[in-house]
Amino acid sequence: MILHKVRSYKSAETLKREDQLAWKIAAVATDPVPVEDAVVEMIGNRIIDNAAVAAASINRHPIVTARGQALGHSHSGGAGLGATLFGLPSSRRVSPEWAAWANGVAVRELDYHDTFLAADYSHPGDNIPPLLAVAQHCGLSGADLVRGLAAAYEVQVDLVKGICLHEHKIDHIAHLGPSAAAGIGAALNLPTEIVFQAVQQALHVTTTTRQSRKGEISSWKAFAPAFAGKMAIEAVDRVMRGEGAPSPAYEGEDGFIAWLLGGPSAEYQVPLPAPGEAKRAILETYTKAHSAEYQSQALIDLARRLGPKIGDLSQIRDVLIRTSHHTHYVIGSGANDPQKMDPKASRETLDHSIMYIFAVALEDGAWHHERSYAPERAARSETVALWHKIRTVEDPEWTSRYHAVDPAVKAFGGHVTVTLADGTVIEDEIAVADAHPLGAKPWQRADYVAKFRELTEGMVETAEQDRFLAAVDNLRHLTPGALAQLSFEIPPARLVAATAHGIFDWPVRGRSASPASLG
């Protein structure tokens, strides 16, 4: 790996194109190095993982909305063109950017797919919907898709290692737009120049604030990465037609670093593979065994372990979680969000409240993507009482471990001290989730398949499950035009139809009708 120093430059200063971060990203994406077998295997795991959580969320309101919007952009350009939507027959195609939109929302809604945490946060699996949509539309092969996804994961992980966004209240999709654009460019075998411009354009239009993950968290949290994927597709298309982008997007005098991040004096160090070096970053990422924000994964496992040791939970007087800066300030007491303690809070808010999550995991000894968030579950009086006894503090040691470069030291858990009414103290700690590569039970292909089977049960027919999994097993060898096999179909009777309408499905007749009458 090469560590690249990145800073802002005044317009009068000389900064060669080849020295700009966007060019270096593009050069990595277009470097035609072979994809290692272990990387191909993990890409397959994450395609399975995405499909599992998408199927589980397929009838939730944001997904129904996104699907309705996408269906307003059906593709009629000929057989095989367009991209598939999760849940619908492969013959039903829409424009690729809208497939990325709908499928991206389905993947992100439950906060239940892969993650990578370093200087910033990320869900690298968010790259899969836009790349798969483009690959389907353009008739690419499985090998093309693998090449693109290896590049997208590499770029996103490396940006997350080198540039912290959240301290400047910038949402982490600002790293996703560039990584998706780079991955699309790699899948399409585009020249470095085109990928360079597309990366810059994608950065420029996907930089948003973190308010989407603060306060009353809305469904936009699920739409945000889908938006980044959609913008990346449009950016690549526009540049392929000969258009440019704001440049230098990262280093410019009025650019990303100078005004949205650390300022004119800031310097960042972004690691990227050397020429000819394999793209292996996906192997550093990890998925979720539980449907909750990643920094809660290890603590859910710890709560399940602690519950039996405590016994009568009503005797708990206080629970103190010593953890990292990120956990304390994003999902813990340090966020100072009263909504995180509110039984009437939205699902999106509850999955960003470690106080709620730890309480429920202690009580239930388990975590479920629906039952654990049900309004009646959150409103239980004993749960609310326990929930309000839990607090977090930042511990410098856990913050240091969170930012550690050495994977054997890096940790996303914490130390828990439970004090009972009689003064008894019960303590335990956990570094990483059980499913983490260094955890008690690192996940393998069989675990991803089991998650897929569980989350698709009752929605996707067994034969369709088998067909999809067989396609993933054959990923690298799927022929051009065969990538529709990487979607799944649900019987129409099991899909919720949209009851609300918008601009994209405004009826041809009755255009004078008010929107309220179109339901």
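Quick look at the numbers
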quantity: For Glu253, distant residues with modelled amide H under 5 Å away; calculated: Tyr9, Ser11
quantity: Alpha carbon centroid spacing (whole Å) that separates the range 384-463 from the range 293-341; calculated: 10
quantity: For the range 1-84, radius of gyration divided by Kirkwood radius, i.e. Rg to Rh on alpha-carbons; calculated: 1.15
quantity: Ranked list, fewest to most other Cβ atoms within 10 Å of each Cβ, for Phe488, Phe223; calculated: Phe223, Phe488
quantity: Peptide ranges 366-376, 346-356, 152-162 listed from the most packed, as the mean C-beta count within 10 angstrom indicates; calculated: 152-162, 346-356, 366-376
quantity: Dimensionless Rg ratio for the range 2-284, taking C-alpha atoms and the 2.2 N^0.38 Å reference; calculated: 0.94
quantity: The range 2-284, relative contact order [Cα under 8 Å, separation at least 6], %; calculated: 29
quantity: Charge dipole magnitude, Cβ of K and R +1, D and E -1 - the chain, Cα centre, debye nearest 20; calculated: 1000
quantity: Under-5 Å amide H pairs with Tyr121, H placed in peptide plane, nonlocal only; calculated: Leu165, His166
quantity: Calculated from backbone phi, Karplus (6.51, -1.76, 1.60) coupling profile of the range 145-155 in Hz, x at Gly/Pro; calculated: 5, 4, 4, x, 5, 4, 5, 4, 4, 4, 5
quantity: Cut-off under 5 Å, modelled amide H: who pairs with Trp367 long-range; calculated: none
quantity: In order through the range 420-436: 3J(HN,Hα) via Karplus (6.51 cos²θ - 1.76 cosθ + 1.60), integer Hz, x for Gly, Pro; calculated: 8, 4, 8, x, 4, 10, 10, 10, 6, 8, 8, 8, 9, 5, 4, 7, 4
quantity: The range 361-374 - phi-based ³J(HN,Hα) in whole Hz, Karplus 6.51/-1.76/1.60, Gly and Pro as x; calculated: 5, 4, 6, 8, x, 6, 9, 10, 5, 10, 4, 5, 10, 4
quantity: Test item: Cα-centred dipole of the range 2-284, Lys/Arg +1 and Asp/Glu -1 on Cβ, debye; calculated: 660
quantity: Rounded, prolate or oblate (a/c below 1.5 giving rounded, otherwise prolate when a/b exceeds b/c) for the chain by Cα gyration tensor; calculated: oblate
quantity: Computed over the chain: relative contact order in percent, which uses C-alpha pairs under 8 Å that are six or more apart; calculated: 21
quantity: Fewest-first ranking of Glu234, Glu464, using other Cβ atoms within 10 Å as the exposure measure; calculated: Glu464, Glu234
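Values in this text are rule-based calculations from the coordinates and carry no lab data. For clarity, every value in this text was computed on a predicted model and none was experimentally measured. Positions of Cβ are backbone-derived with ideal geometry, glycine not excepted, and every protein chain shown enters the neighbour counts.
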